[in-house]
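Below: the structure, in structure tokens.
The values are calculated or read from the model by the stated rules, or taken from the named source; none is laboratory data. On a predicted model such as this, the values are computed, not experimentally measured, just so you know. Positions of Cβ are backbone-derived with ideal geometry, glycine not excepted, and every protein chain shown enters the neighbour counts.
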Amino acid sequence: MTDVVSLELVFDDETDAAVRAEWDALLAADLPSQARHRGESNRPHVTLLVRSALAPFDAAVLQEIFPLSLVLGAPVLFGAGRHRVIARTVVPSPALLALHTRIHELAGPGADVDHTVPGAWTAHVTLARRVPLERMGEALGVLADNGGRDISGRAVGIRRWDAADKTVADLVGRGTLEQC
């Protein structure tokens with residue numbers, strides 16, 4: 001899907017830096033890494049909702065949730081075929097699950113991408129895309145050598161990504177509160 005809107009949870013500077021350190025470790029090992037994505041909007045995040053259109057809603061009601069403590073856990077693999085996505089799980093705390101559900105309630109009905117719907121969502125932070133199966137052990141080894149421990153972090157806001165015009169806007173935290 002290319003013309004979609006997504007709502008994404010963003011991190012404080014320390015959590016962001018910890019994820020970027022993993023991106024950089026993969027890059028230094030000449031492996032696929034999100035560090036290779038040079039787009040201005042590329043930053044560590046957790047996708048909360050993806051759909052083709054999103055009606056405006058008052059995101060300011062979410063301000064009291066932040067900062068939100070969270071834990072980035074063990075690596076998880078997504079995909080099929082000859083390549084996989086490597087991501088870090090985000091431990092599904094009651095507060096995180098409540099935020100996810102609330103986002104979907106505020107957004108109202110819509111044609112959500114299946115893996116972002118409450119009850120089917122796997123909270124994660126992408127580290128690398130299109131990792132060849134034959135390099136998977138090497139990539140996981142690099143991540144283990146880079147610390148390999150859970151990351152205790154904080155989410156500090158939500159941004160909106162519009163794929164059609166390739167723009168991002170802070171909705172809650174990290175700037176102004178706006179209509180979404």
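The residue pairs whose first member lies in segment 46-75 and is under 12 Å from Gly108 (Cβ atoms), whose second member is part of a strand (DSSP E or B) and of a type outside the set (Gly, Ala, Ser), and whose beta carbons are closer than 6 Å, counting only pairs six or more residues apart or on different chains, are Leu49/Leu7; Arg51/Asp112; Leu54/Val5; Pro56/Gln179.
Take segment 54-106 and flag every residue that is in a helix (DSSP H, G or I) and of a type in the set (Val, Ile, Thr). Spell out the reasoning first.
Pass one, segment 54-106, residues in a helix (DSSP H, G or I): 59-65, 94-106.
Of everything in segment 54-106, those that are in a helix (DSSP H, G or I) and of a type in the set (Val, Ile, Thr) turn out to be Val61, Ile65, Thr101, Ile103.
One residue stands out among those in segment 79-91 that are modelled with pLDDT of 95 or more and within 18 Å of the chain's Cα centre (by Cα): the one that is surrounded by the fewest Cβ atoms within 10 Å (Cβ to Cβ), which is Val91. For segment 107-116, the criterion of being out of contact with any strand residue (DSSP E or B) (no Cβ under 7 Å at 6 or more places or on another chain), farther than 26 Å from Ser33 by Cα, at pLDDT below 95 and not in a strand (DSSP E or B) is met by at least one residue. Taking into account only those residues within segment 10-36 that are of a type in the set (Val, Ile, Thr) and over 22 Å from His83 (Cα atoms), which is nearest to the chain's Cα centre (by Cα)? By that ranking, first place goes to Val10.
One residue stands out among those in segment 6-22 that are surrounded by fewer than 20 Cβ atoms within 10 Å (Cβ to Cβ) and not hydrophobic (A, V, I, L, M, F, W, C): the one that is farthest from Leu171 (Cα to Cα), which is Arg20. Scanning segment 23-41 for residues that are touching a Lys or Arg at 6+ places or on another chain (Cβ under 8 Å) and small (Gly, Ala, Ser), we see that the one that is surrounded by the fewest Cβ atoms within 10 Å (Cβ to Cβ) is Gly39. Restricting the first residue to segment 116-129 and requiring it to be exposed (fewer than 15 other Cβ atoms within 10 Å of the Cβ), which pairs with a second residue that is part of a strand (DSSP E or B) meet a Cβ separation below 9 Å and a spacing of at least six or different chains? If the second residue must be part of a strand (DSSP E or B), the pairs left are Val117/Leu49; Thr122/Val76; Thr122/Phe78; Thr122/Ala87; Thr122/Thr89; Thr122/Val90.
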